[in-house]
1. Which whole-number percentage describes the relative contact order of the stretch 31-85, with Cα contacts under 8 Å and a sequence gap of 6 or more?
2. So how tilted is helix 4-17 from the main axis of the chain? Cα-based, degrees 0 to 90, rounded to 10.
3. Helix 50-61 versus the longest principal axis of the chain: what is the Cα-based angle in degrees, 0 to 90, to the nearest 10?
4. Figure the gain on full extension for Thr51 and Val80 (residue separation times 0.36 nm, minus the Cα-Cα span) and round it to one decimal in nm.
5. Can you compute the helix-only [θ] at 222 nm over the chain? Use -39500 (n - 2.57) per DSSP H run of at least 4 residues, normalise by all residues, nearest 500 deg cm²/dmol.
6. Using the Cα atoms of the chain to build a convex hull, what is its mean projected area in square nanometres?
7. Return the distance in nm (one decimal) between the two label points of a simple spin-label model at Tyr3 and Ser72, each offset 7 Å from Cα along Cα→Cβ.
8. Where the only charges are on Cβ atoms (+1 Lys, Arg; -1 Asp, Glu), what is the dipole of the chain about its Cα centre, to the nearest 20 debye?
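The values are calculated or read from the model by the stated rules, or taken from the named source; none is laboratory data. Just so you know, these numbers come straight off a predicted model, no measurement behind them. FYI the Cβ positions are ideal-geometry reconstructions off the backbone, even for glycines, and counts take in every protein chain you see. Quick note on the areas: whole protein, heavy atoms, side chains included, nothing else; ligands and nucleic acids left out. Shrake-Rupley method; radii C 1.70, N 1.55, O 1.52, S 1.80 Å.
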Amino acid sequence: RRYAPGIQFCYDNELKRNPSLRGKIVLGLVVAASGEVQDVQIVEDTLGASTMRECVLAQVRAWRFPAIAEGSVGFRTPFVFTPPR
């Protein structure tokens, strides 16, 4: 939740170009033991907006998670975007 405003920023900027833009982006993340995002990839994208994809990836690369003792953690997270009425 703490990082949601950054993703919303990306979407709001893209809505200026395409006010009806809607869809879903699913990200695959790998987080290192230090809490830094080690890898992020788009697993699914129904938006089809390349500038939106690049903005989201840049935002996520800057995320930091709580450190763990060792290893890394991989997970997927979906973001669903619907234009305001």
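1. 52 percent
2. 30 degrees
3. Once rounded, the angle reads 30 degrees.
4. 8.8 nm
5. Taking each H run of at least 4 residues, the total per residue is -9500 deg cm²/dmol.
6. For the chain, averaging the hull's shadow over all directions gives 5.3 nm².
7. So the label points at Tyr3 and Ser72 sit 1.4 nm apart.
8. 400 debye
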